[in-house]
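Notes follow once the structure below has been shown.
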Amino acid sequence: MIEIGDMTLSLNDPLTLLVLVGAGVLLLMVVLLFAVLRRSGEAARMALPLANQMNQLGHRVQSLSDGQNQLAGGLSHVSESQAAAQAHMLQLMERRLADVTVAMTENLQGSARRTAHSLGELQERLQTIDKAQANIEKLSGNVLSLQDILSNKQTRGAFGEIQLNDIVGKALPKDSYTLQATLSNGRRADCLIHLPNPPGSIVVDSKFPLEAYEALRRADTQWEVNEAAKMMRTAVKKHINDISTKYIIEGETAGGALMFLPSEAVYAELHANFPELVRDGFDKRVWIVSPTTCMATLHTMRAILKDARMREQAGSIRKELALLAGDVDRLGTRVGSLDRHFGQAAKDIEDIKISAEKAGKRAHRLDHFDFEELAADTPSVPAAAVVPLTLKD
């Protein structure tokens, strides 16, 4: 580094080296010039061309110095332009970085909000799943309880009776059936529906061959299927025979009875795979019904009860209709009499209006002393009707 006043020159700078080289050359020339001047005068004439050349060389060195100065100015301008470009680039980079930072912050905040919302929804769904799980566990307990109930014959019978009572209570009036009715033979029926003769009261008894049906559902081999089918036939035939012998009484009940199956699946199984049992029930006058078909049958019975009650009340209805006809006849007579009274009253009113008009006219004439017009309007009186006036002393 070389410091000249306030100016600092670096030896690594090509421009500085060029200036130094130029200055050295100039200095060398000056030294040679002084050396030549100290020579003899003889060489003056010879030195004159050399001086001219030196002068030209000085001009060239000056030109070279000017070129170096211009080159230094150009390099300084390039350096300044490069510095400005770097500063502008840094500003652009800072702005871009700030924009990217803002965008990333907004995206992160939005992602955080969406994540929080999703976590909230996930929490709600987990709570819903927990509730559903609790309901499933509760329902599983209820199913197990129902299985425990149906595994016992007495409780299974009570289950069928309760379901039958609910269906009958919804389909029929309360006074048209009796639950747990005792017949003349001492047998107690689950439900006795009081229908008019014919057909008469009909018994509905609940039966539930659950063991045979479950054995049929669990059967895997053909032998197990055959054994379960035998069990089903035996159980259903026994139920049909019991209902036919216990609940069909000549002169007391209808000629048939209903066997209520509280399971649509068992009912469908009988009609699908055991049609001979259904035919056997027809032969024994025992009709097998499910909850759905029982409801339809009861609605038909309700229509029969309604028709029978209408027939029972037919006499009362005819009596009331006769009384109504008499009332209508009397009403017609009285309306006619009232009409005659109204006609006579209308005629009397019309006569009264005529007399009032005449009286008004006479009063008007009397008020204006129109006796001639009054005499003209007065009807003539017969001579015999005139009584002469006599004056007495």
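Listed values, structure above:
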| item | result |
| --- | --- |
| Filter pass, Thr300 being within 44 Å of the chain's Cα centre (by Cα), farther than 15 Å from Pro199 by Cβ and hydroxyl-bearing (Ser, Thr, Tyr) | no |
| Any hit, segment 235-243, residues being β-branched (Val, Ile, Thr), in contact with a Lys or Arg (Cβ under 7 Å, 6 or more places away or on another chain) and modelled with pLDDT of 85 or more | yes |
| Boolean, Val286 is touching a His at 6+ places or on another chain (Cβ under 7 Å) and assigned by TED's automatic domain parsing to the domain that holds Leu195 | no |
| Enumerated helices (runs of 4 or more DSSP H) restricted to segment 201-293, each holding at least 3 residues that are farther than 21 Å from Leu164 by Cα | 210-218, 222-246, 275-283 |
| Residues (modelled with pLDDT of 80 or more and not small (Gly, Ala, Ser)) located in segment 105-117 | Thr105, Glu106, Asn107, Gln109, Arg113, Arg114, Thr115, His117 |
| Subset of segment 133-185 that is closer than 30 Å to Ser201 by Cβ, part of a helix (DSSP H, G or I) and in contact with a Ser or Thr (Cβ under 8 Å, 6 or more places away or on another chain) - its residue that is modelled with the lowest pLDDT | Gly157 |
| Output for segment 186-200, where each listed residue is under 19 Å from Met310 (Cα atoms) and at pLDDT 85 or above | Ile193, His194 |
| Number of positions in segment 181-193 that are free of Cβ contacts under 8 Å to residues at least 24 places away in the same chain and crowded, with 16+ Cβ neighbours inside 10 Å | 1 |
| Evaluation of Asp393 against (1) loosely packed, with under 11 Cβ neighbours inside 10 Å; (2) modelled with pLDDT of 70 or more; (3) outside the structural domain of Leu195 (by TED's automatic domain parsing) (one fails), failing number | (2) |
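Rundown of residues vs (1) out of contact with any Phe, Trp or Tyr (no Cβ under 6 Å at 6 or more places or on another chain); (2) farther than 21 Å from Gly200 by Cβ; (3) touching a residue at least 40 places away in the same chain (Cβ under 8 Å), yes/no style:
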{"site": "Lys237", "(1), (2), (3)": "yes, yes, yes"}
{"site": "Ser244", "(1), (2), (3)": "yes, no, yes"}
{"site": "Glu250", "(1), (2), (3)": "yes, no, no"}
{"site": "Pro275", "(1), (2), (3)": "yes, yes, no"}
{"site": "Thr297", "(1), (2), (3)": "yes, no, no"}
{"site": "Ile317", "(1), (2), (3)": "yes, yes, no"}
{"site": "Ala322", "(1), (2), (3)": "yes, yes, no"}
{"site": "Gly326", "(1), (2), (3)": "yes, yes, no"}
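The values are calculated or read from the model by the stated rules, or taken from the named source; none is laboratory data. Note that this is a predicted model, so its numbers are computed, not measured. No Cβ is skipped: glycine too gets one built from the backbone with ideal geometry, and neighbour counts run over all protein chains shown.
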